[in-house]
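The values are calculated or read from the model by the stated rules, or taken from the named source; none is laboratory data. Just so you know, these numbers come straight off a predicted model, no measurement behind them. Cβ placement follows ideal geometry from the backbone for every residue including glycine, while neighbour counts extend to all protein chains displayed.
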């Protein structure tokens, strides 16, 4: 532990597994107190908390404004006001054009995009008072490519990157950076159970790891000059 984030409080939404869990552990390794948000996987969230030193698990549906307000208040009471927000929570129901329903579309936009707005708005007051904050949004290569989940997912991630730029432009003078990370084909349950059974189409020849995504997040948290950017990592499948 280097302690570079000692005294900081971080919230990772969807932090009970996969990329979110790796990010929570990386933040804790740098000395941050970490709130691990989850919706259903209480045992998994508790396991991440055990790895993170000063940490709590917080159950909340981040697509619901009242739930987000309650979550942020709970974190502030138990750990302190939030300095670092990682918007990682997301869903990706695989649908073709002909079987994509309105309910699928609405749920995906709510969890993947509306939650970013709700959580960002909730943490900004403290960040603005102290003139320091880091917000990192976990996007996807699907924001700019066809992807394999469906157009609802493309739209949610493209919207997330739009929010990233919009907030970054308006907060840059207040010491708050807002960036995004866009991973493609990371070895998580979402990918290996439905999107890609093998890494055959990745030029590097393997899936990415959740820890490699966490490394990019930590770079963004530590960099005060970089804002409004989306960092892609895809093993050579796409280039910005």
Filter result for the condition that a residue is more than 24 Å from residue 26 (Cβ to Cβ), under 15 Å from the mean Cα position of the chain (by Cα) and assigned to a helix (DSSP H, G or I), over 105, 117: 117
Residue in region 153-173 that is without any contact (Cβ under 8 Å) to a residue 24 or more places away in the chain, in a loop (DSSP other than H, G, I, E, B), on the phi < 0 side of the Ramachandran plot and surrounded by fewer than 14 Cβ atoms within 10 Å (Cβ to Cβ) present: no
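Here is a yes/no grid of residues against (1) within 18 Å of residue 135 (Cβ to Cβ); (2) in a strand (DSSP E or B); (3) touching a helix residue (DSSP H, G or I) at 6+ places or on another chain (Cβ under 9 Å); (4) modelled with pLDDT of 95 or more:
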{"site": "70", "(1), (2), (3), (4)": "no, no, no, yes"}
{"site": "74", "(1), (2), (3), (4)": "no, no, no, yes"}
{"site": "77", "(1), (2), (3), (4)": "no, no, no, yes"}
{"site": "81", "(1), (2), (3), (4)": "yes, no, yes, yes"}
{"site": "85", "(1), (2), (3), (4)": "yes, yes, yes, yes"}
{"site": "90", "(1), (2), (3), (4)": "yes, no, yes, yes"}
{"site": "93", "(1), (2), (3), (4)": "no, no, yes, no"}
{"site": "98", "(1), (2), (3), (4)": "no, no, no, yes"}
Residue selected from region 2-38 under the condition assigned to a loop (DSSP other than H, G, I, E, B), touching a residue at least 40 places away in the same chain (Cβ under 8 Å) and out of contact with any strand residue (DSSP E or B) (no Cβ under 7 Å at 6 or more places or on another chain), by the criterion nearest to residue 138 (Cα to Cα): 17
Every residue from region 120-135 that is closer than 16 Å to residue 177 by Cβ and surrounded by 16 or more Cβ atoms within 10 Å (Cβ to Cβ): 120, 123, 124, 126, 127, 132, 133, 134, 135
Options 105, 117: the member that is modelled with pLDDT of 95 or more and under 24 Å from residue 71 (Cα atoms): 117
Candidate set from region 40-61 (those that are in contact with a strand residue (DSSP E or B) (Cβ under 7 Å, 6 or more places away or on another chain) and part of a loop (DSSP other than H, G, I, E, B)); member that is nearest to residue 90 (Cα to Cα): 60
Filtered residue count, region 220-240, keeping only those that are within 18 Å of residue 28 (Cβ to Cβ), touching a strand residue (DSSP E or B) at 6+ places or on another chain (Cβ under 8 Å) and surrounded by fewer than 18 Cβ atoms within 10 Å (Cβ to Cβ): 0
Odd one out for residue 55, checked against (1) surrounded by 17 or more Cβ atoms within 10 Å (Cβ to Cβ); (2) over 12 Å from residue 10 (Cα atoms); (3) more than 17 Å from the chain's Cα centre (by Cα): (2)
